[in-house]
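Notes for the one structure printed next.
The values are calculated or read from the model by the stated rules, or taken from the named source; none is laboratory data. Here the structure is a predicted model, which means the values were calculated and not measured. When the accessible area is computed, the model is the full protein with side chains, heavy atoms only, and any ligands, DNA or RNA have been set aside. Shrake-Rupley method; radii C 1.70, N 1.55, O 1.52, S 1.80 Å.
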Amino acid sequence: MRLTLMTCAVALAVTLGACEGSRYARPIAPPPGFGAASAHNLETQVVDPQPAYAAAGAPDFHGKRALLAIDRYETGKVIEPERLRITTVGGGGG
């Protein structure tokens, strides 16, 4: 019992001796670039209030054609888009 108590006391003294207080007494400056990941994440989630393409102005717009499209939509006469096949079924000789 006494040997176990003495072993625990020595182990505790060695463990506590490893904690050197002078190392933590002075302020530690963050390394260069610290916080860059947070700034990058913020930049990717924030919308640019003045994007480069905004300087070009409004895109060209044909009002009469748009009015016809709206009229077709409201009357239910929408022009169905063409079906596109991007694959062909069949075999090729070769």
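Only residues that are open to solvent by less than 80 Å² (accessible area, probe 1.4 Å) and in a helix (DSSP H, G or I): list them for the range 42-84, please.
A54, G63, A66, A69, D71 - these are the residues of the range 42-84 that are open to solvent by less than 80 Å² (accessible area, probe 1.4 Å) and in a helix (DSSP H, G or I).
What number of residues in the range 1-14 are modelled with pLDDT of 75 or more and open to solvent by less than 90 Å² (accessible area, probe 1.4 Å)?
So the count comes out to 6.
Condition check: among the basic types (K, R), at pLDDT 80 or above and either open to solvent by 80 Å² or more (accessible area, probe 1.4 Å) or in a loop (DSSP other than H, G, I, E, B) (or both). Does R23 satisfy that? Explain how you work it out, then say what you get.
Values: among the basic types (K, R): yes; at pLDDT 80 or above: no; either open to solvent by 80 Å² or more (accessible area, probe 1.4 Å) or in a loop (DSSP other than H, G, I, E, B) (or both): yes.
Here the answer is no, as R23 does not meet what is asked.
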